[in-house]
Each structure stands twice: as C-alpha cells, then as structure tokens.
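For reference, the structure is listed below as structure tokens.
The values are calculated or read from the model by the stated rules, or taken from the named source; none is laboratory data. This structure is a prediction, so every number in the text was calculated from the model and none was measured. Counting neighbours? That spans all protein chains shown, and the Cβs are built from the backbone with ideal geometry, glycine included.
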Amino acid sequence: MAKQKIKLKILRYTPEKQKKPYWSTYQLEVDQDSTVLDVLNEIHWNIDGSLSYRRSCRSAICGSCALKVNGQNILACETPIHKFKGKKLKIEPLPGFPIIKDLVVDMDNFFEKLRQIKPFLILKKPLPDKEFTQSPEQFSEIRESILCILCGACTSSCPSLWSNKDYLGPASLLKAYRFIFDSRDDGAMERIDMINDRNGIWRCHTIFNCMEACPKNINITEYISKLKVKIVENSI
Amino acid sequence: MKVEEAKYYHQVDTVVVGAGLAGLRAALELARNNQAVGVITKVYPTRSHSGGAQGGIAASLANVAEDSPELHMFDTVKGSDYLGDQDVIELFVNEAIKTIYEFEHMGVPFSRTEDGKINQRPFGGHSSPRACFSADITGHVLLHTLYEQCLKYNVHFFNEYQVFSLLIKDDISRGVVAWDIRNGGLHIFHSKTVLLATGGYGRAFKITSNSFANSGDSLGLILENKLPLEDMEFVQFHPTGLYKHGILLSEAARGEGAYITNDKGERFMKNYAPEKMELAPRDVVSRAEQTEINNGRGINGQEYVYLDLRHLGAKKIMERLPQVQELALKYIKTDCTLEPVPIQPTAHYSMGGVPANIKTEVLKNGNGDIIKGLYTAGEASCLSLHGANRLGTNSLQGAATFGRIAGKSMSEFVKSNAYESLPSNPLEVANGKISSLVEGSGKEKHASLREELQKNMTKFLGVFRNEKDMLTMKQKIKELQDRYKKVIIDDKGKIYNLDLIEAFELGNLLVFSEVLIEGSLARKESRGAHYRTDFPERDDENWLKHTMAWKTETGVKLDHSKKVIIYWDRYPPQERKY
Ligand SMILES: Cc1cc2nc3c(=O)[nH]c(=O)nc-3n(C[C@H](O)[C@H](O)[C@H](O)COP(=O)(O)OP(=O)(O)OC[C@H]3O[C@@H](n4cnc5c(N)ncnc54)[C@H](O)[C@@H]3O)c2cc1C
Ligand code: SF4
C-alpha cells in the first residue's frame, strides 16, 4: 500500500494541565487509504500516547467516534482521509458538548434528553401469546429511523441547540418519531405532550444541518416534520 | 435505586459487568423484579459490541417454514461438532422462542413477513430459515431496545467504568474494583453477586471482526484469580471479513444468496460442501477459502477471494443488506451491486471462555464446584452451548437467553444470602497494575507489543494450525509477557486516559492467549473451529471432552477430565458433513 505524508492539527485539552484547549500539529506517514481513525491510532500508538478519543467497533455502528474534521461532523472510523483531498486535516471534538479530554466529550445531557421522550414501547393492550402483527408497510414507516446509532453528530450540528441547551434536539425527536410511528405503540399522547413543549419540537427551524451531519443519511428533518403534522392533527 | 453512593465505595446486591446483550438482559431481569443492580461498562451501553451483530437471532418460530426446537437442537449439536453440552443446548432451544417474543413485546423492530409476523432468513448450519432479523442491523436494534428498557426500569449505569480486578476470596465473590475512566480513581463495588458479561476476545488477532473493546478482560481477571478457563482453543474464523480490515460483511449476504468465488470465477464451495455450498458452517467455508488462497487460487494469487452479490440485484441488496453495501462502499470503495467484494477469513467468535454451569454459575474446576456469587453469560462465558463451533445467530440468542437466566439465578441467590466481607486490602491488585504501568522504569510500548501479538496469533493460530507453528507462538508469548512487565505509558493523567485502558487490556490479551495456545497444542485432533493439519481427523475416542486450563507460576495447567454432556440415545456423535 502506497504511503503518504500528512500534516494535521488536533484540538488538544487536558483539564488537569491546561485552562483551555489548544491546537497541536502532527506530521506522519500513513497508508493512502487510511481512515481518520487509523490516523488517530497511529498518533496515539506511535507518537503521543496521551491523545484520547473514543472508538470501538470500527464499522460505523457503535457511534463512539463522531468528531469534527475540517468543519464537518463525521465518524472517524468510516471516513477516509482522501475525502479531504489536499487539505490539511483539522480535527476537533464534536461541538456543542463539554470537552472531557482531547476529542472526548461529555454526552450525558444527550442521553438524558433521550430518556425524556420515554424511549420504549408503551403498551395499553394485553400482550399476545406470540408476536404483535405488524405489516411490512407499517415496519417500513420506522425502518430508517431505527438506523440511528446515537452518535450525536446531528445534535452537535444544530444551531437551535447551540442557542438553547435545553432543546430536545434532533436525535431525541427522531427517537420520539420511531416510537410514535411504531404501529404497536400506545404512548403517542404522552410523548406528544413531552415534545410539544417550550424546549421541544418547535425549536426545530428546519435548518437541515442535522441531516448533513448524519452518518447514516437519515432523513431526520422529514421525520420531525411528520411529527409536527401529527401534533397539529392531534390538537384540532 | 438502592446503590449506596458513598464516593469510591458502592454497595449493591448485584453488579453486572458489561452492557451488551447478556449484561443488559440480566440487568433488566433483576430490575423488573425490583432487585438492586448496578451495570458497570467500559463503553456506553449502546456502544457495546452486540450492536455490531448484523444477520439475525435464532429461534424456531416456524414463521416461514417448518421448524421445531428439536431441529434447532440437532443443528446446534451438529454445528458444535458434538462438543456442545446437550442439556444446555436443550434449555437454549426451548427458551429461545420465549426470548424472541419478549423482545418483540419490548418493541424490537423486526423485519416482517407479508402476513405481519417476524420474518426469518436462512443461516449457515441451520436446516430451516430460523434467523429472526431486522434488515442487517439485528444486534443494533436488540441492543438499543434492551438499553431503552433498562432506562424504563431505572437500571443504574456506571458508564465508562472499567473493571480492573475481581474481589474473590475463599471461593466466594465479594465484588469488583473498577476504574472510573472519565474522572480517574478506583471504585469498590461490594456486592452479593457479580455477572461477568464482558463479551468476546477477538482482539488477540490481527484480522478480526471484533471491536476494540473485545479484549477479554474478565478472562484475564479469572486467570489472575487462579481460576480456569474452558475450551479456549476454539476460535471461530468468519469467512466473510472485508479484506485487510477484517470487519464483517454479514453472513446474511450468503443467507440471501451471495456466491463466493475464486480466481477462476468458480463457486469453489461445490468441492467442499456440495449440498450446502456457501451456506455450510463458518469453519467449513473459512477452511475452503484458506485452502483456495494457499493453493494460489485467491484473486490474482492474493490473500483474498470474492463475495459476489451482483445477481441479487440492487433492490434486494439495498432492502435486505444495506449495511453490507455501505461497508464495502465506504471502506474499500467497492459497490457490491456492481462488483464482487474482496474477502478473507477473520477472527470472529470465541467459543471458549469463563466456565459456567447451566444456571450460569462460574465453575472452579471440572468437577462442577462453583465460586459462590459469581456468574457469567454471553460471549465471555463457556457454558458450553456452542461447543467447538458456534452457529451464526445462536450467539445473540445465547447472550440474551442466558443473560435472562443469569438474572434469575442471581435474583434467587441475593434473596437468600448476606453480604460477605471484603478482602482486607481490596484495592491492592488494581492499584498494583496501575502503578506498574504509570511509574515503571521500562521502555516498552503497549502498541508494539500488541501488534506483535496480533500478527503472530493470526499467522500461527489461525484457520489452520500445526504443532511447529504453535510452539513458535508459545515461545513468542513468553517473550511478550516478559516485555509486558516493562511497559510504560505516556499519559500519566487521571482523566480519560486511553493509554492506561489499552495497556491494561493488553495484559489480559497476553495471559489468555497463552492458555489459548496451550489448549490448542494439547488438543491433538481437529474439531469444529480448531483444525490441525497434523491431526486432521476428529478423534471422539480421546477428545470428546472439554479443556479446563489454569495459569500457574510455572505455565499453563490443563485438565481434560470434564466430560461433554451427550444424550446418547438422541444425539449421538456422527460425522459432520454438509
Ligand atoms: C461483526 C459481528 C457480527 C455479529 N453478528 C452476529 C449475528 O448476526 N448473530 C449472532 O447471533 N451473533 C453475531 N455476532 C456475535 C455476537 O454479536 C456476540 O457474541 C454477542 O453480541 C456478545 O454479547 P455479549 O453481551 O456477550 O458481549 P458484548 O456485546 O461484546 O458486550 C460486552 C460488554 O462488556 C463491557 N466490558 C468488557 N470489559 C469490561 C471491563 N473490564 N469493565 C467493564 N465493562 C467491560 C463492554 O463495555 C460491553 O458493554 C457478531 C459478532 C460480530 C463481531
Ligand atoms: S440521527 Fe444520525 S447523526 Fe443523529 S445521532 Fe442518530 S445516527 Fe447520529
């Protein structure tokens, strides 16, 4: 595999040592088909072991390694460096979340908002002996929404959230959609009350940043719009 | 939540280590029964490796074709190459059905048949379409649903805490010590029961489908406590690893009809498993691939063959196998609707692990004696449900079903047992590990040691094994273990110290790998995933038995007296042909 010399900048921050984050520059040689994660590993393993970041599955399904590279939120494990052809890489943590160390951010608030929309099937009918029936058409209503890996890339890119930290944000709203539009669920009203709130769905101004950021190409805005329609229908 | 929140000391009836399918299902069982449970996990629950499972979860629902638990049992027994314990398998196939309906009632979004039932697809080694699935993100939706259920029942999570030592004294488990990854600091978890559900250990190999987190931590910890591991020689190599990356292209691809071809464009499986072809079990297909590659019939003579999906058509691929399509496209710029995809065998599933009985209680030896209060489930465990070779889709099911059973067993134990006292210096072991890595005077780097380990394990203990290679590896592992004592990390800080995590994990990889090597050397036969070119036959007369292995001062101690549980009247060993 052909090698390539690259130069990059990483936003570093060790709260025990520094008051605020600073840029650090690295130069190294990597395979041409390296991913951003390969590059981080190379630095961490062979240049500076103190660089910290999250990663686990390497196959774009665990959602650990969302980062910002050259202004774009991406998953480090699935993004080849040649995507940023010719440009110097600038790697920083997901914006909008407090930094814990280097590229690791605090996502507690993100997960807490998920909890708020009651992310579980709410049933008011008795359980059948076997499965609930659900047609392929009914399944396809939620098929795309269940792809969400909770990486936070969308929520992190949302200007509405930057200006109001209490806004539920795209990932939670998508999760609300996933349950409200699940043919088996009986909890739509409870969830609608929740998202039809001051910090809820109406903070979404259809800016589309979330969709651009989503590594799973989920049509988040469309689902949020469907939720809006549902709320309006329910309130008449 | 009844966890006592004194800083650095927590008392909670049950500690579950691991938040994959096994850990979460156990935690949910306890929480639903109003039992206090704390889940410790080194990655956020939804980041656990269970989420990477693609193809499906087995249960004989008979939704699309005739099927029965008996048939599922036969397939599993045969798939295990007769090393699976049949009492465990029997319980498993019966409980599997219940596990799936429970999942459905929790809200798991399964793909559906035209008449609205859970859809099922064929999978290697299963004689009926038995894999319940959700497109090709089955593990992902199961993991997320379980996590969400745990939120519903207010399970207490200790996210990004990593267990560094087990507190076992006089054959009684008393809790664990865990490192708080985010803030630094060791925490004592004092508990009546502990569940080890830390997942697989494919990270000992270079080419692997496993996540970084699959470092077999609890295996290292068990050995350190002078307890045995079981059947470590059995590592499954999956035939469809993405070339060079090792990441998995789901078997669902073959379930849906994909071909595997060599340099001549030949579907070579016809020479190895004429009846099942590409859908023969993984060990059979991986060996066929490796044989083709070794004989120069890899594509352009290289170390790979092709997975060809083109004839399935773009529509079916996008609908049923979107992740396969996405992975090939993103990682190696190959559009599988138009081109074949380069693949090679990849270390995938670990059949061996922490020995346990049918109630998931951890065993102290081959005679059935247990460690009181210690349990294990999921890929970290060896029950032995999968024997010498696991069938695809049986592992998610095994993790979930035995996770539930573990929850039940622990719930009963907790009710009738009091807290046992902690050892006098509970932090000693964990502290020792940290200080050696932070303050040691050596110069070794964990990264280079790990690379050497992985490269050599793939080379010498891969799909084909022989005595000479394994002896070479035995030497190598000793050297690496010695050098590990001199490992020093760059990061001396407390907060999110990835350097420390990785160095600690390497320690575990190095100990259990030694056991894996010794177990493989001793087993002079070929069975399931363990294939020796110098002993190519299965030898039921001498080797129809489990391996128990301890790490001692002087090396690995092996015991082969643990018998396989076989229902001789119903499922006697036969030749395994596909
Ligand atoms: C790519 C891939 C695809 C697969 N596809 C399928 C499939 O289609 N069907 C199927 O049946 N099986 C499949 N498998 C296998 C299956 O996914 C696993 O066997 C199963 O998910 C294991 O579940 P688990 O709960 O035991 O462990 P995991 O899901 O791996 O979870 C382990 C947990 O332990 C925690 N942990 C580990 N060490 C520590 C520590 N020291 N301290 C604290 N926490 C710790 C981790 O944080 C994690 O939460 C696949 C495997 C892979 C690699
Ligand atoms: S919607 Fe997309 S970007 Fe947002 S959390 Fe889910 S996967 Fe990530």
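Values for this structure:
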read-out	value
Hits in region A:116-127 - residues which are closer than 30 Å to B:S60 by Cβ and facing chain B (nearest Cβ under 8 Å)	A:F120, A:L121, A:L123, A:L127
Verdict on B:Y375 being within 14 Å of chain A (Cβ to nearest Cβ) and at negative phi	no
Given (1) surrounded by fewer than 24 Cβ atoms within 10 Å (Cβ to Cβ); (2) within 14 Å of ligand 1 (Cβ to nearest atom); (3) within 30 Å of B:N367 (Cα to Cα); (4) of a type in the set (A, V, I, L, M), index of the condition B:L186 fails	(3)
Qualifying residue in region A:211-228 (condition: among the hydrophobic types (A, V, I, L, M, F, W, C), over 22 Å from B:P109 (Cα atoms) and not in a loop (DSSP other than H, G, I, E, B))	yes
Members of region A:93-108 found to be within 11 Å of chain B (Cβ to nearest Cβ) and within 16 Å of ligand 2 (Cβ to nearest atom), listed by number	A:V105, A:D106, A:M107, A:D108
Any hit, region A:81-92, residues being within 24 Å of B:G51 (Cβ to Cβ) and more than 7 Å from chain B (Cβ to nearest Cβ)	no
Selection from region B:30-84 of residues that are within 10 Å of chain A (Cβ to nearest Cβ) and touching a Phe, Trp or Tyr at 6+ places or on another chain (Cβ under 8 Å)	B:K42, B:Y44, B:P45, B:T46
Residue pairs meeting the criteria (Cβ under 8 Å; at least 6 apart or on separate chains; first outside the structural domain of A:V30 (by TED's automatic domain parsing) and farther than 20 Å from B:N183 by Cα, in region A:79-103; second among the polar types (S, T, N, Q) and not in a strand (DSSP E or B))	none
Conditions (1) surrounded by fewer than 20 Cβ atoms within 10 Å (Cβ to Cβ); (2) in contact with a Pro (Cβ under 9 Å, 6 or more places away or on another chain); (3) under 14 Å from B:D231 (Cβ atoms); number of the one not met by B:G528	(1)
Matching entry among B:S209, B:S218 (being touching a Gly at 6+ places or on another chain (Cβ under 9 Å) and within 11 Å of chain A (Cβ to nearest Cβ))	B:S209
Members of region B:85-105 found to be among the polar types (S, T, N, Q), closer than 19 Å to B:Q120 by Cα and away from chain A (no Cβ under 14 Å), listed by number	B:N94
Filtered residues of region B:152-175 (kept if within 11 Å of another protein chain (Cβ to nearest Cβ) and either in a strand (DSSP E or B) or within 24 Å of B:A59 (Cβ to Cβ) (or both))	B:K152, B:Y153, B:F157, B:N159
Verdict on A:I6 being modelled with pLDDT of 95 or more, of a type outside the set (D, E) and either surrounded by fewer than 17 Cβ atoms within 10 Å (Cβ to Cβ) or more than 19 Å from the chain's Cα centre (by Cα) (or both)	no
Listing of strands (runs of 3 or more DSSP E) fully contained in region A:1-111 that carry 3 or more residues being more than 27 Å from B:L143 (Cα to Cα) and of a type in the set (A, V, I, L, M)	A:3-12
Qualifying positions in region A:56-70 - away from ligand 2 (no atom under 13 Å from the Cβ) and facing chain B (nearest Cβ under 7 Å)	A:S56, A:C57, A:R58, A:S59
Residues (among the polar types (S, T, N, Q), assigned to a loop (DSSP other than H, G, I, E, B) and within 16 Å of ligand 1 (Cβ to nearest atom)) located in region B:48-87	B:S48, B:Q54, B:S60, B:S80
Criterion violated by A:K113 - all others in (1) facing another protein chain (nearest Cβ under 9 Å); (2) in contact (Cβ under 8 Å) with a residue 40 or more places away in the chain satisfied	(1)
Search result, residues across region B:138-151 that are within 9 Å of another protein chain (Cβ to nearest Cβ) and either touching a Lys or Arg at 6+ places or on another chain (Cβ under 8 Å) or over 22 Å from A:R115 (Cα atoms) (or both)	B:L151
Meets criteria (over 15 Å from the mean Cα position of the chain (by Cα), away from ligand 1 (no atom under 16 Å from the Cβ), under 22 Å from B:A53 (Cα atoms) and among the hydrophobic types (A, V, I, L, M, F, W, C)) for A:F132	no
Number of positions in region A:144-165 that are of a type in the set (K, R) and either crowded, with 18+ Cβ neighbours inside 10 Å or within 16 Å of ligand 1 (Cβ to nearest atom) (or both)	0
Single residue of region A:222-236 satisfying the filter (more than 10 Å from ligand 2 (Cβ to nearest atom) and touching a residue at least 40 places away in the same chain (Cβ under 8 Å)) that is nearest to A:A171 (Cα to Cα)	A:I224
Residue count, region A:143-164 (criterion: more than 10 Å from chain B (Cβ to nearest Cβ) and assigned to a helix (DSSP H, G or I))	9
Residue among A:Y13, A:Y53 that alone is hydroxyl-bearing (S, T, Y), within 14 Å of chain B (Cβ to nearest Cβ), farther than 18 Å from B:K330 by Cα and over 19 Å from the mean Cα position of the chain (by Cα)	A:Y13
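A quick yes/no check of all residues on (1) within 14 Å of chain B (Cβ to nearest Cβ); (2) in contact (Cβ under 8 Å) with a residue 60 or more places away in the chain; (3) buried (at least 17 other Cβ atoms within 10 Å of the Cβ):
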position: A:P170; (1), (2), (3): no, no, yes
position: A:D186; (1), (2), (3): yes, yes, no
position: A:R191; (1), (2), (3): yes, yes, yes
position: A:W202; (1), (2), (3): no, no, no
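Let's see how each residue does on (1) in contact with a Leu (Cβ under 6 Å, 6 or more places away or on another chain); (2) in a loop (DSSP other than H, G, I, E, B); (3) β-branched (V, I, T):
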position: B:D491; (1), (2), (3): no, yes, no
position: B:Y496; (1), (2), (3): no, yes, no
position: B:V511; (1), (2), (3): yes, no, yes
position: B:K551; (1), (2), (3): yes, no, no
position: B:L558; (1), (2), (3): no, no, no
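Yes/no per residue for (1) within 25 Å of the chain's Cα centre (by Cα); (2) within 13 Å of ligand 1 (Cβ to nearest atom); (3) not hydrophobic (A, V, I, L, M, F, W, C):
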| position | (1), (2), (3) |
| --- | --- |
| B:E102 | yes, no, yes |
| B:M106 | yes, no, no |
| B:P109 | yes, no, yes |
| B:E114 | no, no, yes |
| B:I137 | yes, yes, no |
| B:V141 | yes, yes, no |
| B:Y153 | no, no, yes |
| B:V163 | yes, yes, no |
| B:L167 | yes, no, no |
